[in-house]
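What follows is calculated from the coordinates using simple rules that are stated; it is not laboratory data. Everything numeric in this text was worked out from a predicted model, so none of it was measured. Note: ideal-geometry Cβ built from the backbone for every residue, glycine included; neighbour counts use all protein chains shown.
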Amino acid sequence: MRTSLTRLSSGLAALTVLFASAVFAQSAALADENPYARGPEPTQQSIEATRGSYDVSQTRVPSYSVRGFGGGTIYYPTSTADGTFGAVAIAPGYTASQSSMAWLGPRLASQGFVVFTIDTTSRYDQPSSRGDQLLAALDYLTTSSDVRSRIDPERLAVMGHSMGGGGTFEAAKDDPALQAAIGLTPWNTDKTFPEVSTPMLVIGAQNDTVAPVRTHAEPLYEGLPDDGQKAYIELRGASHFAPNTSDTTIASSSIAWLKRFVDDDTRYDRFVCPGPSTGIAVSEVRSTCPF
């Protein structure tokens, strides 16, 4: 009996090793086929980590040196061994500065992106203006910045919080070439964006009293085309200001979304579709899965 159990255990262990090897080989093959894939094989731990596999540098861009937005800080992978990277511009919310989104800069950059956290021309700019400024920041990144040679201008994305989150919808409406957009507890008086074709991730907060999900995040999500790529994640018990401090769910979901749609890295499919499970951190998930 013991011999049979030992053989069974050994056989299961061998099958486990073979399965893991097959999955790794398949993932490696997918990465080899995709020239935009960056970084090692992803895991739940790797997308939740406070730092990814790339060392990060940063450079300050003063407001007087740019036009169309208020300057900001660029975070970028130090190494150029893997070629160019996708880029994402991030806008703050109403009355806030880039410092409110600074935690996302090195966290996303260390996963293989050039990240630009921006200041707006006025802290009172509305979503439509913030959308224009996000696009102006991307234009600066790809044409004038000191790191422009590190960026693939065909792989760009936008993110934003509150009115900056509302601005991501405006930017995606104005520039369909964007590869991804992420609205964090977004606020916008316009809730309908049928013309948007950019894959959109909307992250709402269950206890948001500034931009309640029932009147902002949820209708903004529902106002996107149902035949496009979109997802809605609601943070359980969180307030409107959840995106202003380090948050694992926001970071991991954003990383997976950017990897999948900016880098076209199908290794991240399983993190995007169907998305995170509801539980302690997440109260609701919606999406247009499957791809």
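Within region 132-208, which GluC sites (Glu not before Pro) sit in a loop by DSSP and count at most 14 neighbouring Cβ atoms inside 10 Å?
Values: sites: Glu154, Glu170, Glu195; in loops: Glu195.
The qualifying sites are Glu195.
Please identify every one of the trypsin sites (Lys or Arg not before Pro) in region 87-177 that sits in a loop by DSSP and has no more than 16 other beta carbons within 10 Å of its own beta carbon. Please report the intermediate quantities before stating the final value.
Details: sites: Arg107, Arg123, Arg130, Arg148, Arg150, Arg155, Lys173; in loops: Arg123.
Sites meeting the loop and neighbour criteria: Arg123.
At R0 = 30 Å, how high is the FRET efficiency between Gln44 and Arg148 if r is their beta carbon distance? Nearest 0.05 is fine. Show your work: numbers first, answer last.
On the way: r = 34 Å, r/R0 = 1.12.
FRET efficiency, Gln44 to Arg148: 0.35.
Cβ neighbours within 10 Å, averaged per peptide: list 174-187, 109-122, 272-285 in order, most packed at the top.
Top to bottom by mean Cβ count within 10 Å: 109-122, 174-187, 272-285.
Using 0.36 nm per residue, how much length does the chain from Ser63 to Thr278 gain when fully extended, once their Cα-Cα distance is taken away?
On the way: separation 215, 0.36 × 215 = 77.40 nm, distance 4.13 nm.
Net length gain for the segment: 73.3 nm.
Rounded to whole Hz and in sequence order, give me ³J(HN,Hα) for region 215-224 from the Karplus expression 6.51 cos²θ - 1.76 cosθ + 1.60, θ = phi - 60°, writing x for Gly and Pro.
Here the 3J(HN,Hα) series is 10, 9, 4, 5, x, 5, 4, 5, x, 8 Hz.
Distance in nm between label sites at Glu222 and Asp174, each 7 Å beyond Cα in the beta-carbon direction?
2.8 nm
Between Ala171, Val56, Ala281, whose Cα lies farthest towards the positive end of the dipole of region 42-287 when Lys and Arg beta carbons carry +1 and Asp and Glu beta carbons carry -1, centred on the Cα centre?
Going by the charge dipole, the pick is Val56.
Treating cross-link reach as a plain straight distance, find the lysines whose alpha-carbon is under 17 Å from the alpha-carbon of Lys191, omitting any fewer than eight places away in the same chain.
The qualifying lysines are Lys173, Lys230.
Suppose only helical runs count, i.e. DSSP H with n ≥ 4. What mean residue ellipticity at 222 nm does that imply for the chain under -39500 (n - 2.57) per run, divided by all residues and rounded to the nearest 500 deg cm²/dmol?
Only helices count here, giving -10000 deg cm²/dmol.
Take peptides 75-82, 210-217, 230-237, 44-51 and line them up by average Cβ neighbours within 10 Å, highest first, as a rough protection proxy. Intermediate values should be presented prior to the final figure.
Details: 75-82: 17.0, 210-217: 19.0, 230-237: 21.4, 44-51: 13.5.
Packing order, densest peptide first, comes out as 230-237, 210-217, 75-82, 44-51.
Using θ = phi - 60° and the Karplus relation 6.51 cos²θ - 1.76 cosθ + 1.60, list the HN-Hα couplings for region 56-67 in order, rounded to whole Hz, with x at every Gly or Pro.
10, 10, 9, 9, 8, 10, x, 4, 6, 9, 10, 10
Highest first, please rank the peptides 67-73, 33-39 by the mean number of other Cβ atoms sitting within 10 Å of their residues. Provide the component values of the computation, followed by the final result.
Numbers: 67-73: 20.6, 33-39: 17.1.
The packing order, highest mean first, is 67-73, 33-39.
Summing +1 for each Lys or Arg and -1 for each Asp or Glu, what net charge is found among the other residues whose Cβ lies under 13 Å from the Cβ of Gln133? It would help to have the intermediate numbers written out before the result.
Working: positive: Arg67, Arg123, Arg130; negative: Asp119, Asp125, Asp132, Asp139, Glu170, Asp174, Asp175.
Taking every other residue near Gln133 into account, the sum is -4.
In terms of modelled amide H atoms, which long-range or inter-chain residues lie less than 5 Å from the amide H of Thr117?
Counting only residues 5 or more places away or on other chains, the set is Thr73, Tyr75, Ile90.
Express the C-alpha Rg of the chain as a ratio against the empirical globular expectation 2.2 N^0.38 Å, rounded to two decimals.
Details: Rg = 19.9 Å, N = 291, 2.2 N^0.38 = 19.0 Å.
Relative to the rule-of-thumb radius for its length, the chain sits at 1.05.
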